[in-house]
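What follows is a single structure, written as structure tokens, with notes after it.
Any read-out appearing in this document is the output of simple, stated calculations on the displayed coordinates, not a laboratory observation. The shown structure was predicted, so the numbers you read here are calculated from the model rather than taken from an experiment. Here Cβ is always computed from backbone atoms with ideal geometry, including for glycine, and neighbour counts include all displayed protein chains.
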Amino acid sequence: MTTTYRTCPRSGLQFESNAEKLMVINAVTAVVALLVGGILAIGVVLTRWPAVHWLAADTFYMVLTAHGIDMLIFWVIFFEIAVLYFASSTLLRCRLATPKVAWLAFVLMLIGAVMNNVTVFQGNSSVMMTSYVPMMASPYFYAGLILFAVGALVACFVFFGTLVVAKRDKTYQGSVPLVTFGAIVAAIIAVFTIASGAIILIPTFLLSVGLISAVDPLIYRTIWWAFGHSSQQINVAAHISIWYAVAAIAFGAKPMSERVSRGAFLLYILFLQLASAHHLLADPGVSTAWKVVNTSYFMYFAVLASMIHGLTIPGAIEVAQRAKGYNKGLFEWLRKAPWGNPVFSGMFISLIGFGFLGGISGVMMGTEQLNMIIHNTVYVPGHFHATVVVGTTLTFMALTYFLIPVLFKREMINPGLAKLQPYLFGLSMYFFCLVMMGAGTLGVPRRHWDLSFAGAAMAYEWPGAAYLMMGLVGIAGVAAMTGGALYIYITVGSLLWGKKLEGGKPSANFTPIPVSAPSVAAQSYGSAGFAAPGTFTLAIVFLVSFVLYYFINWKYLSQVWGLS
Ligand code: HEM
Ligand SMILES: [Cu+2]
């Protein structure tokens with residue numbers, strides 16, 4: 001395929017024509033998946049809201065299955081493929097390797113996603129996102145997921161091939177930029193993830209067509225979570241890479257220490273597998289000693305990595321802002337940040353929510369002993385909406401606002417609404433997660449159609465607060481969905497009706513990344529923490545919240561069985 005390069009007059013980024021088309025198609029498909037998943041969220045939320053209790057049981061489980069898969073698999077991964085092409089071809093200023101193969105990857109993913117959705121809505125495949133055996137779905141359910149995964153794997157190899165092209169064509173000097181490095185980590189984890197998925201979904205597919213007679217449920221869960229947990233680590237590596245990118249775009253901020261940030265990314269690869277033990281804490285198949293060692297020790301290396309990023313990204317922003325003269329007190333740098341720019345506000349609301357809500361609750365529930373307080377309660381989706389919605393989804397939304405003029409060459413329609421969107425979506429999602437976690441702490445089950453157990457032989461009396469909390473889940477969910485709808489309206493509307501912008505003259509040759517002197521910020525090691533006293537203060541607030549919440553839960557645990 002012939003190729004041209006254009007340099008975007010607004011950002012200075014260079015886009016290669018094939019890579020650009022593939023980024024556009026993958027990102028647009030992702031937004032369609034988000035739209036479908038968002039419409040399904042209406043059904044899920046309005047059923048779990050006790051006063052509304054909208055859908056019938058079988059419809060609820062069908063809608064919940066499709067919501068989980070459309071959001072966490074299709075929306076997130078289509079978008080991530082666009083990010084991989086961006087982090088390789090655009091940031092390294094080279095052509096995309098094998099564009100035809102990249103189109104093949106896209107088509108496989110699309111067929112898989114459509115096949116899976118159609119199958120779920122035909123009924124008899126409401127096996128939830130986790131699709132645990134021996135519960136069985138139609139063979140097309142698994143076949144759809146497998147096709148999608150093969151497509152995503154092929155796309156990862158196109159990404160690796162593009163890195164090779166950049167190296168060979170010498171489009172950059174020295175080591176790859178940090179954002180590309182983070183994307184490489186995400187892609188390496190993705191290859192492992194997809195292999196684990198194949199190991200368990202292919203036998204399950206064979207079981208569904210009757211070629212084999214059984215898949216062991218405990219082995220299924222263990223391997224499924226090698227896939228399920230790792231895929232979340234891909235999301236974290238991807239959205240953290242974007243945080244670094246946004247810090248650079250919005251502030252010109254350089255990482256406080258490249259070496260520390262890169263080391264933190266590597267920790268994800270090293271400790272990923274052991275950390276996934278937290279999904280097996282209630283399983284009889286693995287020993288208690290193994291669970292304790294993995295979730296009380298090794299898990300924290302992955303947590304450590306996220307905390308390093310959570311510290312160095314605001315730290316880098318603080319250093320950049322202070323260099324511009326925002327030096328008054330601890331927080332002038334933060335007060336004077338561009339809060340009206342959705343690229344920044346979305347990223348920062350995501351970072352704080354991911355750390356405080358997703359991070360702290362994750363460590364609590366990942367602790368072997370504490371896990372039993374919240375196991376299989378609505379606390380679990382409360383936690384992971386803080387990670388995959390406030391963390392990953394809101395970050396992708398923030399990046400989209402940057403991409404509308406740069407990649408899609410359109411002026412954003414309705415910038416006033418765009419300014420508001422990250423606050424409405426992000427903050428209502430904060431509240432949604434908090435009340436879900438509150439209800440879960442009271443014992444409200446997850447994936448449960450009817451909290452009141454109407455008509456059941458044995459009644460259960462919930463404390464009134466449980467109903468109150470689930471009502472608030474409903475209200476917060478509706479507010480968050482409104483925020484999600486605004487995002488879709490603004491992005492789709494901008495692509496359809498936004499004023500066309502000049503894209504930069506196409507040229508047959510690329511311009512390599514200029515060799516520039518390494519900046520001072522990138523070289524200062526060691527004492528850089530004190531260059532960012534505001535961030536240090538935030539970190540102390542985080543530590544105190546963490547410790548308090550952790551010990552409150554040990555107190556709850558001690559009350560499970562009273563001793564007198
Ligand atoms: C406004 C946006 C959203 C709302 C209001 C919402 C609401 C909900 C609710 C109420 C549940 C059901 C909890 C239960 O009964 O167990 C749920 C499940 C789930 N959601 Fe969302 N959600 C939203 C966006 C997202 C996004 C963006 C993702 C992924 C990126 C996501 C991933 C999931 C997953 C994986 C499940 C679990 C499905 C299962 O149990 O198999 N959600 N969501
Ligand atoms: Cu996990």
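For the reader, a short list of remarks on this structure follows.
- Two-site FRET efficiency, residue 411 against residue 283, from Cβ-Cβ distance with R₀ of 60 Å, rounded to 0.05: 0.70
- Taken about its Cα centre, the chain carries a charge dipole of roughly 1660 debye when the Cβ of each Lys and Arg holds +1 and the Cβ of each Asp and Glu holds -1.
- Residue 130 versus residue 173: modelled label distance in nm, points set 7 Å from Cα along the beta carbon direction: 5.3
- C-alpha long axis of helix 99-121 to longest principal axis of the chain, angle in °: 20
- Applying the Karplus relation 6.51 cos²θ - 1.76 cosθ + 1.60 with θ = phi - 60° to region 42-48 yields 3J(HN,Hα) values of 4, x, 5, 5, 6, 8, 7 Hz, where x marks Gly and Pro.
- Straight-line cross-link partners of residue 499 among the lysines, defined as a Cα under 24 Å from its Cα and at least 8 positions apart when in the same chain: 21, 409, 419.
- The ranking of 125, 306 from fewest to most other beta carbons within 10 Å of each one's beta carbon is 306, 125.
- Estimated FRET transfer efficiency when R0 is 22 angstrom, pair residue 540-residue 259 (beta carbons, to 0.05): 0.35
- Note on residue 452 and residue 556: their simple-model spin labels are 2.6 nm apart, each label 7 Å out from Cα toward Cβ.
- Projecting the Cα atoms of 532, 387, 359 onto the charge dipole of the chain, computed from C-beta unit charges around the Cα centre, puts 532 farthest toward the positive end.
- Gyration tensor (alpha-carbon) shape descriptor, region 48-124, a/c threshold 1.5: oblate
- On Cα atoms only, tilt of 139-168 relative to the major axis of the chain in degrees: 30
- The chain: angle of helix 415-441 to the longest principal axis, Cα-based, in degrees nearest 10: 30
- Mean separation of Cα pairs under 8 Å and 6 or more residues apart, divided by the residue count, gives region 166-309 a relative contact order of 27 percent.
- FRET efficiency for the residue 501 to residue 121 pair, using the beta carbon distance and R₀ = 45 Å, is estimated at 0.70.
- Whole-angstrom gap from region 361-383 to region 14-79, using each part's C-alpha centre: 25
- Cα→Cβ-extended label distance, 7 Å offset, between residue 300 and residue 330, nm: 2.5
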